[in-house]
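Enquirer: Sharing a structure with you now.
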Amino acid sequence: MSRVAWLQRGALALTAAFALHAPALAQGAGFPQRPVTLIVPFPPGGPSDALARGFALHMGKQLGQAVIIENVAGAGGTIGLTKAAKAAPDGYTLAFGTIGTHVANVALYKKLPYNPETDFLPVGLAGAAPMLLLARADLPANNLKEFVAWLGTHKGKASFGSAGVGSISHYGCVLLLSALQQNVAHIPYKGVAPAMNDLMGGQTDFMCDQTTTALPQVAGGKVKALAVLSSARLPQLPAVGTAAEAGYPLDVRAWNAIFAPRGTPEPVMARLRTALADAAADPDFRRQMHAVGVDLPTPDALKPAAVSALIARGLRDDVPALKAKGDYLD
C-alpha cells in the first residue's frame with residue numbers, strides 16, 4: 001500500500017470515528033437545552049420525594065434548566081424505575097432510586113422489570129438518612145429491649161405499617177424483624193403519610209422510618225422513637241440508643257441516588273455529576289438536610305463507584321435476609 005493510500009485510509013477511519021461519536025460529544029457540550037425530568041417512584045410528600053425536590057432545585061440552578069419532578073408511584077417503586085430504564089438515554093430523564101428500588105425489590109419481586117445493576121448508570125449518591133424504630137405513643141415500651149419483650153407477649157397480635165411493599169420503611173422493618181427472629185403482620189400503605197397517620201392513631205403498633213419524616217412526629221410526641229437502626233446515635237435524639245447497643249448489630253441507612261438510563265453519553269453524565277456535586281456542596285442545602293437527619297454525600301461518596309458498591313453490598317448482605325422472611329412479604 002502506498003503512503004498516500006495509507007494516509008487516505010487513516011483519514012477515512014478518523015472521519016468515521018468522529019462521525020460515530022460526534023452526536024454524543026455535541027450533546028454533552030450543549031446539554032441541557034430543555035428541562036430535565038427526575039422520576040421519583042413514590043407519592044409526593046414522602047422522604048425520598050422531599051430530598052429529590054431539594055436536589056432538583058439546586059441542580060437546576062447549576063444546569064441552567066429546570067429539573068422537574070415527576071412522581072410515578074406504585075409497586076414499591078418498580079413502575080417509576082421501569083419507566084426511567086426505558087427512557088431515551090439522553091440525560092433528559094433521570095430516576096431517583098433508593099435502597100428499596102435497587103436492593104429490596106430484587107428479593108420482593110419474582111420478575112423485576114428492570115435490572116438495578118445493568119439498566120442504569122449512577123449519577124451519584126443523593127444523601128442517606130438513618131432509620132428509626134417508631135412505636136405508637138401508648139405502646140408500653142421505651143427502648144428496643146422492652147419492645148422485644150412486648151413482642152414476645154403479643155405474638156400474632158402486633159402489626160407494623162410501611163409506605164408499601166419494597167419501600168424503605170418496609171425494608172428497614174424486615175431487616176429488624178429478621179435480626180429479632182420475629183414474624184409480625186405487615187400492613188402496606190400507599191406512602192409514608194398514611195402509614196404514619198395510622199401509627200399515630202394507634203391502628204398499627206410500630207413502623208421503621210427514616211429521620212426525614214420521623215423526627216417531627218417524635219418531637220411532637222405523636223410517636224415514640226425506640227431505637228436507631230443505624231450504627232450511631234443521633235444528635236437530634238441523644239437519649240435513643242442504637243439497635244447494636246441492645247445486642248442487634250444493624251446498620252440500616254436509607255440511601256438515595258440519582259440514576260440515568262444505561263447508554264447515556266459520558267459527556268452528559270459528567271455534566272449531571274457536576275451539577276449533583278455542586279448541589280450537595282451547597283452550605284444552605286446541607287444545613288437544611290442535616291436538621292432533618294439527612295447526611296448529604298461527601299465528594300468520595302458522590303462517586304458512581306460508591307453507589308455501585310452500596311447496591312452490590314445490599315444484594316450480597318440484605319437480599320438473603322429479605323428472602324428468608326418471605327413467609328410474610330407480599
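Enquirer: Would you list the strands (runs of 3 or more DSSP E) that sit entirely within region 187-290 and hold 3 or more residues that are among the hydrophobic types (A, V, I, L, M, F, W, C) and closer than 23 Å to residue 80 by Cα? Quick ask: steps written out before the conclusion?
Expert: Numbers: elements: 206-210, 223-228, 253-261.
Ranges flagged: 253-261.
Enquirer: Tell me yes or no: at least one residue of region 42-58 is at pLDDT 95 or above, in contact with a helix residue (DSSP H, G or I) (Cβ under 7 Å, 6 or more places away or on another chain) and charged (D, E, K, R).
Expert: No: region 42-58 contains no residue that is at pLDDT 95 or above, in contact with a helix residue (DSSP H, G or I) (Cβ under 7 Å, 6 or more places away or on another chain) and charged (D, E, K, R).
Enquirer: Does region 298-306 include one or more residues that are within 20 Å of the chain's Cα centre (by Cα) and outside any helix (DSSP H, G or I)?
Expert: yes
Enquirer: Sticking with this structure for a sec: Restricting attention to region 182-204, report how many residues are more than 17 Å from residue 131 (Cα to Cα) and open to solvent by less than 20 Å² (accessible area, probe 1.4 Å).
Expert: Within region 182-204, the subset more than 17 Å from residue 131 (Cα to Cα) is 182-190, 194, 197-198, 200-204.
With open to solvent by less than 20 Å² (accessible area, probe 1.4 Å) added as a condition, the list becomes 184, 204.
Residues flagged as more than 17 Å from residue 131 (Cα to Cα) and open to solvent by less than 20 Å² (accessible area, probe 1.4 Å) within region 182-204 amount to 2.
Enquirer: Would you point out which residue out of 329, 296, 322 is modelled with pLDDT of 90 or more and closer than 24 Å to residue 166 by Cα?
Expert: None of the others qualify; the one that does is 296.
Enquirer: Is it the case that residue 310 is under 24 Å from residue 227 (Cα atoms), assigned to a loop (DSSP other than H, G, I, E, B) and in contact with a helix residue (DSSP H, G or I) (Cβ under 8 Å, 6 or more places away or on another chain)?
Expert: Spelling it out, it is not the case that residue 310 is under 24 Å from residue 227 (Cα atoms), assigned to a loop (DSSP other than H, G, I, E, B) and in contact with a helix residue (DSSP H, G or I) (Cβ under 8 Å, 6 or more places away or on another chain).
Enquirer: For the condition closer than 23 Å to residue 50 by Cβ and hydrophobic (A, V, I, L, M, F, W, C), what is the one hit in 147, 160?
Expert: 160
Enquirer: Still on this structure, please answer the following. I'd like to check something: does region 231-252 contain any residue that is crowded, with 17+ Cβ neighbours inside 10 Å and in contact with a Phe, Trp or Tyr (Cβ under 6 Å, 6 or more places away or on another chain)?
Expert: no
Enquirer: Next question. Does any residue of region 162-177 turn out to be more than 25 Å from residue 220 (Cβ to Cβ), small (Gly, Ala, Ser), more than 18 Å from the chain's Cα centre (by Cα) and buried (at least 16 other Cβ atoms within 10 Å of the Cβ)?
Expert: Within region 162-177 (the criterion being more than 25 Å from residue 220 (Cβ to Cβ), small (Gly, Ala, Ser), more than 18 Å from the chain's Cα centre (by Cα) and buried (at least 16 other Cβ atoms within 10 Å of the Cβ)), the answer is no, since none of the residues qualifies.
Enquirer: Continuing with the same structure: Go through 274, 264 for me and flag whichever is polar (S, T, N, Q) and more than 15 Å from residue 126 (Cα to Cα).
Expert: 264
Enquirer: Can you spot a residue in region 311-319 that is open to solvent by less than 60 Å² (accessible area, probe 1.4 Å), touching a Gly at 6+ places or on another chain (Cβ under 8 Å) and within 19 Å of residue 128 (Cβ to Cβ)?
Expert: The answer is no, given that none of the residues of region 311-319 is open to solvent by less than 60 Å² (accessible area, probe 1.4 Å), touching a Gly at 6+ places or on another chain (Cβ under 8 Å) and within 19 Å of residue 128 (Cβ to Cβ).
Enquirer: How many residues are in a helix (DSSP H, G or I) and closer than 11 Å to residue 76 by Cα when one looks only at region 158-186?
Expert: So the count comes out to 4.
Enquirer: State yes or no: is residue 257 among the aliphatic types (A, V, I, L, M), without any contact (Cβ under 8 Å) to a residue 24 or more places away in the chain and farther than 23 Å from residue 134 by Cβ?
Expert: Numbers: among the aliphatic types (A, V, I, L, M): yes; without any contact (Cβ under 8 Å) to a residue 24 or more places away in the chain: no; farther than 23 Å from residue 134 by Cβ: yes.
So residue 257 fails the test.
The values are calculated or read from the model by the stated rules, or taken from the named source; none is laboratory data. The shown structure was predicted, so the numbers you read here are calculated from the model rather than taken from an experiment. FYI the Cβ positions are ideal-geometry reconstructions off the backbone, even for glycines, and counts take in every protein chain you see. To get the accessible areas, we keep the full protein, side chains included, count just its heavy atoms, and leave off ligands, DNA and RNA. Shrake-Rupley method; radii C 1.70, N 1.55, O 1.52, S 1.80 Å.
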